[in-house]
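Novice: My questions will all concern the structure given below.
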Amino acid sequence: MKKFLLLLTLISIGTWFKADLYSTLRPTFLADGGTDCIKVLTSQGIAHTSLGNTSSGSCGIKNAVRITSFPSTQLSSPITVSCPFALKLNGFLNEIEAKEITHMGSYNCREIRGSSLLSEHAYGTAIDISHIDSASVLRDWAKKTDKGETLNRANKAACDWFNNVLTPDTNAAHKDHFHL
């Protein structure tokens, strides 16, 4: 984590630090969790298929897994993420007691919109969630309702589980989803 924060600091203070160098170095900071991670997924009852290390162009996932369901949370469709990210996501979903989520995607070899930096999606360390237990990020965010409170609690909890949490308050590109 400290190495990653140092890397981000270097990017922010120097234009000499090119995006292609970041994209080359970023994977070295990612842990794969090894076979122990896969064993923990199994012991936690997470329905998955192990995919090993996968890559597509300059993108790739260390210890990729395809998750079809979490023990307490129904997914709108399967996701492909790194094993350590799957464990974090399961912990987050358990904490917020989510029964179902609708997501807009996980692994995707692409750059951050308006940037030449690869997105965390390109490493299998991100998911975009549009609904949690029928609460819609687009319609219910920041409302003083039960659904709005569901999203507010999820946002607060996400900050404890993930290094990168983007919401409608971040920018217009996230008006309809949480990026975790």
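Novice: Give a quick list of trypsin sites (Lys or Arg not before Pro) in the range 82-180 that DSSP marks as loop, anything other than H, G, I, E or B, with at most 12 other Cβ atoms within 10 Å. Before the final figure, lay out each step's value.
Specialist: Working: sites: LYS88, LYS99, ARG110, ARG113, ARG139, LYS143, LYS144, LYS147, ARG153, LYS156, LYS175; in loops: LYS99, ARG110, ARG113, LYS143, LYS144, LYS175.
Passing sites in the range 82-180 are LYS99, ARG110, ARG113, LYS144.
Novice: Enumerate the whole-percent occupancy of each 10 Å bin, from 0 to the last occupied one, for all C-alpha pair distances of the range 76-180.
Specialist: So the P(r) values, bin by bin, are 16, 51, 29, 4.
Novice: While we're looking at this one, here's another question. Whole-Hz Karplus ³J(HN,Hα) for the range 99-116, in order, using 6.51 cos²θ - 1.76 cosθ + 1.60 and θ = phi - 60°, x for Gly and Pro?
Specialist: 8, 7, 10, 10, 10, 10, x, 10, 4, 7, 6, 8, 8, 5, 3, x, 9, 9
Novice: Let me ask something additional. Quick check for me: using +1 on Lys/Arg Cβ and -1 on Asp/Glu Cβ, what's the dipole size of the range 21-180 about its Cα centre, in debye to the nearest 20?
Specialist: Details: 15 positive and 15 negative charges, 38 e Å.
Value, rounded to 20: 180 debye.
Novice: Now a separate question. Can you tell me the length gained on complete extension of the stretch SER43 to ASP146, counting 0.36 nm per residue apart and subtracting the Cα distance?
Specialist: 33.8 nm
Novice: Roughly to the nearest percent, how much of the accessible area of the range 133-180 is carbon and sulfur, given a 1.4 Å probe?
Specialist: Carbon and sulfur atoms account for 47 percent of the accessible area of the range 133-180.
Novice: Could you size up the charge dipole of the range 98-164 around its Cα centre, putting +1 on the beta carbon of Lys and Arg and -1 on that of Asp and Glu, and report it in debye to the nearest 20?
Specialist: I would put it at about 200 debye.
Novice: Right, next: Express the accessible area of the range 46-180 per residue in Å², computed with a 1.4 Å probe while the remaining protein chains stay in the model.
Specialist: On a per-residue basis, 47 Å².
The values are calculated or read from the model by the stated rules, or taken from the named source; none is laboratory data. Computed from a predicted structure; not experimentally measured. Here the Cβ is made from the backbone with ideal geometry for all residues, glycine too, and neighbour counts use every protein chain on show. Accessible surface is based on the protein model in full, side chains and every heavy atom, while ligands, DNA and RNA are left aside. Shrake-Rupley method; radii C 1.70, N 1.55, O 1.52, S 1.80 Å.
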